[in-house]
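Where a number appears in this text, it was derived from the coordinates with a stated rule and is not lab data. Remember, it's a predicted structure, so these values are computed and weren't measured experimentally. Note: ideal-geometry Cβ built from the backbone for every residue, glycine included; neighbour counts use all protein chains shown.
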Amino acid sequence: MVLSVHNSAQQTTVYEAAIAGGLAGAVTRAVAQPLDVLKIRFQLQLEPIENGSKYSSLLQAVASIVKEEGLFTLWSGHIPAQLLSITYGVLQFSVFEKLTQVCQNSDQQFYKTHRHWINFTNGGVAATVGTVVSYPFDTIRTRLIAEQKTKKAYKGFTNAITCMVKTEGPAALFKGLTPTLGQIAPHAGIQFAVYRLFTDTIFNKISYFQRQATLHSAVESSLVANLMAGSIAGLVAKTAIYPFDLMKKRLQIQGFQHYRTSFGKQMYCNGLLHCIKLTITMEGFLALYKGYIPSMLKAVLVSAMHFAVYDEIKHIFLKMKS
C-alpha cells in the first residue's frame, strides 16, 4: 500500500477503495466458502472431536457432507455470504482509506510517528461499521450452513429472512452481534496493523518485494509480498479472537436447534456469558477452539487474497491515473 504518496492524483479515492474492497470480498468468498462451511459445522458440534463424533477430521467431514448432503452443500449460504463479503469489503476499505487520509492530512508528522497504532484504530472502526451494516447476511449464512440439507428449514436466502423475521422477530437477524463486536474491532485492527507493518516497513525495504505503482510514485510492495503479509496478518488476528467467533456462531442458531437434531447434541443458551459457561462446563476449555484448523486455513487464505486483490485493484487504478 502506498502511504507516502500525497499527490491527489496518486491517492486512492473513497470510491476506488469501495470498488476494490467489494471485488476483493467477492473473489475471496467464492474461493473460501467450503472452508467456512467446515469451520461452522465443527464450531456447532458439541461432542468431542474424535472417532464416533459426527465430524472427526477435515477429510472425514468433507466426505460426510458430500455423501449425505451433496457436493454443493460445501457452498451452502453462498448468496448471503457473497452479499456479506461485498457489503463488508466496500464499507471496511472505503472507511479505512478515508480515515487514513484524514489522519495524514491533519498531521503528517504525527501520522508517520504513530502510523501502526493509527492503522490499528482505523481498521477497528472501519470493520465495526462494515459489520453492523452487513450482519444480517452473516446470520442468514450461518443458518443456511447449519441446517441439514435433508431436513431444510428454509427454501433459500429470501425465504430465510422472511421466516426469521416472521417467527423470531427482526432482532433475530442480529443474534450474536455482541460477541461479534467484541472480536471484530481488535481482529480488523490487528489485521491492518500487521499487514501494513510488513508491507510498508519490512517487505518494501527488500528489493525482491518492491515495485512502483507509476514512474513517479513511491515504492510499494509486490503481489507476492502482499500475499505473504496478508497470510501472516490473518493468522495472527484470527488466533487472537477465535473464541468470540465460536460464541457468535452458537448464538446465531439459538431457536433453530430442532433443525439440527441429526448432528448430535444441541446447546440452549441465553446470551454470551451463559454460552461461554456452558461451552467450558460441557466440553472443556479447548472447546473454545473447535474448528480452529479449517478456520486458520480460511483466515490465511481469505486475508491473503482479500488484501492482495484489494491492493492489485488499487495498483491498477494508480496506473490508469499516471
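Table for the structure above
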quantity: Among PHE244, SER207, GLY156 - extreme Cα towards positive end, dipole of the chain, charges at beta-carbon; calculated: GLY156
quantity: Listed pairs LYS54/LYS149; LYS152/LYS298; LYS277/LYS298 exceeding 22 Å between Cα atoms; calculated: LYS152/LYS298; LYS277/LYS298
quantity: Given charges at Cβ of Lys, Arg, Asp, Glu: the chain dipole, positive-most of LEU99, GLN266, GLN45; calculated: GLN266
quantity: Reach of LYS98 by Cα under 20 Å, taken over lysines that are not fewer than 8 positions away in the same chain; calculated: LYS112, LYS314, LYS321
quantity: Order of GLU50, GLU97, GLU69 under a 10 Å beta carbon neighbour criterion, fewest first; calculated: GLU50, GLU69, GLU97
quantity: Selected from THR121, GLY182, THR13, residue furthest toward positive end of dipole (the chain; charges at beta carbon); calculated: GLY182
quantity: Cross-link reach list, aspartates and glutamates versus LYS290, counting only Cα pairs under 20 Å and skipping chain neighbours closer than eight places; calculated: ASP36, GLU47, GLU50, ASP138, GLU147, ASP245
quantity: Cα-derived Rg to Rh of the stretch 132-276, Kirkwood definition; calculated: 1.15
quantity: Neighbour-limited loop hits for chymotrypsin sites (Phe, Trp or Tyr not before Pro), the stretch 213-284 (at most 16 other Cβ within 10 Å; DSSP other than H, G, I, E, B); calculated: TYR268
quantity: Value of Rg to Rh for the chain (Rh from inverse mean 1/r over Cα pairs, i.e. Kirkwood); calculated: 1.00
